[in-house]
Amino acid sequence: MLEALHGAAPEHRLQWQPPFLPSACGRVAAAFRFDDEPEGEWLQMEAQAAIGLGRIPSVQVRICIPIPQLQAQAGFGVANDASRLGLAAVHFDAPAPALVVQQVAVFAGFHDEAVQRETTLNMLAAVFATVRACLELARAAEGNKPDELESFATCVISRMIRWDVAMLVPDSPAFRHMLEAAARPDDEADRSLVDRWLRAGVARDPAEERDFQHPFFDLEQRCRWILRDAMPNPPSAAPQRQLQLLERALSDRPEPWNGMVIAVDDIRGAFALGLDLEIAQVTPSQAEQLRRHFPMLHPAGQPLPALPPQDYWLTKPSHPQLLPHGLQGLAIASPRTRAPLR
């Protein structure tokens, strides 16, 4: 276990507070920091290996993250969000106050030393990624939360753009909003590329399709995280929540939608796709209201394209998601941050 902990330190850029020595009973207690977190409290780690005749070999790790300024409500929220990553268990110790990350690796059924070491390293990777996510989420809890209605608009429009069921009028409010959301900040080359894609719409270069899909799929996933407490997962589990969010967004935050044009012949299906619902879950009366709100594209002398078959767009494999900050990227990255193109 001690070897695995030392092996994890360089990979995760850890600095240990000496002394770092195992006790005779197979326990390790130490304090550490990440190299890029030089300030604040030391994180307290306890690890124990269960060994010996008649015992199932295992390693348990517990890391306490003291955050004195974290309020109880925010602390419980951070613990829930970090646990949703599915990497390690997290709970909030309100009296401390502190976030506590725990994980166990059990080696029942195999005794190969190399396999046990690899399993321990994988567990430590999950634990340290969760600890990093806790630190970032705790900082985010102290700041301003993203606007949910704006994030909802970004999520829906990004899906409709990816599936070619909507286009954006160049330089409209919707166009500028999606350009700012999808392009990397302070990267003029990337901004120019996303601008060209949005202006081209369905006529963009097919050779760039894979690169086009990445930023908008990534953007959709980040918005889904922001909306984790407002939007059901999957959305079709409670379609009225989606439709109510759409009604609120169009009423209270119309700017991101101003300039979106429907580019297929079925507005009901287009919004079902954008909302990630089944077509039957959007009523004809709701579709008629949307038709009065959004213009339809009218190419000269040509009929509008048909909506993709529902059995295809409900089961289409997701495009690969790129997480810029490793395992915890989905939880902590802002909607305007994404990995570079290939």
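The values are calculated or read from the model by the stated rules, or taken from the named source; none is laboratory data. The structure displayed is predicted, hence computed values, not measured ones. Note that each Cβ is placed from the backbone with ideal geometry, even for glycine, and that neighbours are counted across all protein chains shown. Side chains are part of the model used for accessible areas, which takes the heavy atoms of the whole protein and leaves out ligands, DNA and RNA. Shrake-Rupley method; radii C 1.70, N 1.55, O 1.52, S 1.80 Å.
How big is Rg to Rh over the stretch 113-274, alpha-carbon atoms, Rh as the Kirkwood inverse-mean-distance radius? Intermediate values should be presented prior to the final figure.
Values: Rg = 18.8 Å, Rh = 17.7 Å.
Rg/Rh: 1.06.
Taking just the C-alpha trace of the stretch 164-255, give me its Rg and Dmax in Å.
Rg, Dmax (Cα atoms, Å): 14.9, 40.
Which trypsin sites (Lys or Arg not before Pro) in the stretch 184-245 pass both tests, a DSSP loop state and at most 12 other beta-carbon atoms within 10 Å? Could the numbers behind the result be given before it?
Values: sites: ARG191, ARG196, ARG199, ARG204, ARG210, ARG222, ARG224, ARG228, ARG241; in loops: ARG204, ARG228.
Hits after loop and neighbour filter: nothing returned.
Express in Å², to the nearest 10, the accessible area of ASP195 obtained by rolling a 1.4 Å probe over the protein heavy atoms while all chains stay in place.
It works out to around 40 Å².
Which semi-axes, in whole Å and largest first, does the equivalent ellipsoid of the stretch 57-206 have when worked out from the alpha carbon gyration tensor as the square roots of 5 times its eigenvalues? The partial results should precede the final answer.
Values: eigenvalues 348, 106, 31 Å².
Taking √(5λ) for each Cα gyration eigenvalue gives 42, 23, 12 Å.
Taking θ as phi - 60°, what are the ³J(HN,Hα) couplings along the stretch 100-105 by the Karplus curve (6.51, -1.76, 1.60), each to the nearest whole Hz, with x for Gly and Pro?
10, 10, 9, 7, 10, 10
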